[in-house]
Each structure stands twice: as C-alpha cells, then as structure tokens.
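Okay, so here's the structure we're looking at.
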Amino acid sequence: MAIQYSDAVRNAQNDAWESTIGTAPTLEIRTGAQPANCAAADSGSLLATITLPSDWMGASSGGTKTKSGSWTVAASGTGTAGHYRIKQGATCHEQGSIGLGSGDLSLDNTSITSGQNVTISTFSRTQGNA
C-alpha cells in the first residue's frame, strides 16, 4: 500500500521547497544533458539566465504550485536547449530536462538564438502521494 498525504502536507512540502531555494533565484537554460545531480558542475553551454520574480511561485493549493510573474529574458547564447537549473547564487537547487512539448520544462521552441526572447509560459510543481 502506498503512503498518502493530505493536501495540507503536500502544500507544506511545496512551500518549503520554494522557501528553501529563496527569493529571486535564477533559471538557467543550458544545452545538452543535465549533470548527474545538482551538486555536479554546470554542463553544456548557457543559453539564457532568467532572474525569477521575488515571489516566483504562487501559494500551493491542492498539492500544486504554479509560477508567479513573468519569466522572460533575451537569450545570451545560441544552441538547442537540453536542461535547466534553478539556482540561488552559485548553488543549484533543482535541475531537469527540457523538451519540445515534453521534459521537466517544456518550451515551444528548443532552438534558441542569441537575442531572441525566451519565455516560460507555464511551470508547476505537484507533490505526489495524494
């Protein structure tokens, strides 16, 4: 039998995740596969760095948090997006794959050219074990 949590516990887990990462972190979009874990050095070429709003995620509800504010920036590099990292300073707190309509972070166009606007339209985090 699987462990199940109330929405209150799932919401608290989500809110602790955002609180631990901190206010106004950065979201890096990089080429290639993600490193083995968050403690590993950055890999791939940096295509864009988005400074997220101070309150970058909404309050968790029903075990789900969704992005707050505008997440957009002009790309600083050219290449194919492969993974992302969310950082506070130099510390990576989360990383995941990027895909075209797939991946942990989905972009409408993974082919990025320097100077083009990169916008994250949707981003959410849902705690499991409902």
Task: Close pairs from the stretch 61-76: first of a type in the set (Lys, Arg), partner assigned to a loop (DSSP other than H, G, I, E, B) and open to solvent by 50 Å² or more (accessible area, probe 1.4 Å), Cβ under 9 Å, at least 6 apart - done: Lys65/Ala59; Lys67/Ser121; Lys67/Thr122
TODO: List every residue pair whose Cβ atoms lie under 6 Å apart, where the two residues are 6 or more positions apart in sequence or sit on different chains, the first residue falls within the stretch 109-128 and is over 22 Å from Gly79 (Cα atoms) and open to solvent by 70 Å² or more (accessible area, probe 1.4 Å), and the second residue, located anywhere, is in a loop (DSSP other than H, G, I, E, B) and not aliphatic (A, V, I, L, M).
DONE: Thr126/Gly63
TODO: Considering only the stretch 102-130, state which residues are small (Gly, Ala, Ser) and over 15 Å from the mean Cα position of the chain (by Cα).
DONE: Ser111, Ser114, Gly115, Gly128, Ala130
Task: Odd one out for Asp15 among (1) under 30 Å from Met1 (Cβ atoms); (2) open to solvent by less than 40 Å² (accessible area, probe 1.4 Å); (3) acidic (Asp, Glu) - done: (2)
Task: Flag if Ile98 is touching a residue at least 40 places away in the same chain (Cβ under 8 Å), in contact with a Phe, Trp or Tyr (Cβ under 9 Å, 6 or more places away or on another chain) and more than 30 Å from Ala2 (Cβ to Cβ) - done: no
Open item on the list: Given the options Leu105, Leu100, Leu46, name the one that is in contact with a Leu (Cβ under 7 Å, 6 or more places away or on another chain) and either aliphatic (A, V, I, L, M) or loosely packed, with under 14 Cβ neighbours inside 10 Å (or both).
Closed with: Leu100
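The values are calculated or read from the model by the stated rules, or taken from the named source; none is laboratory data. Just so it is clear, the structure is predicted and the values come from calculations on it, not from any experiment. In this analysis, Cβ positions are derived from the backbone assuming ideal geometry, glycine residues included, and neighbour counts consider all displayed protein chains. Only protein heavy atoms, including side chains, enter the accessible area calculation; ligands, DNA and RNA are left aside. Shrake-Rupley method; radii C 1.70, N 1.55, O 1.52, S 1.80 Å.
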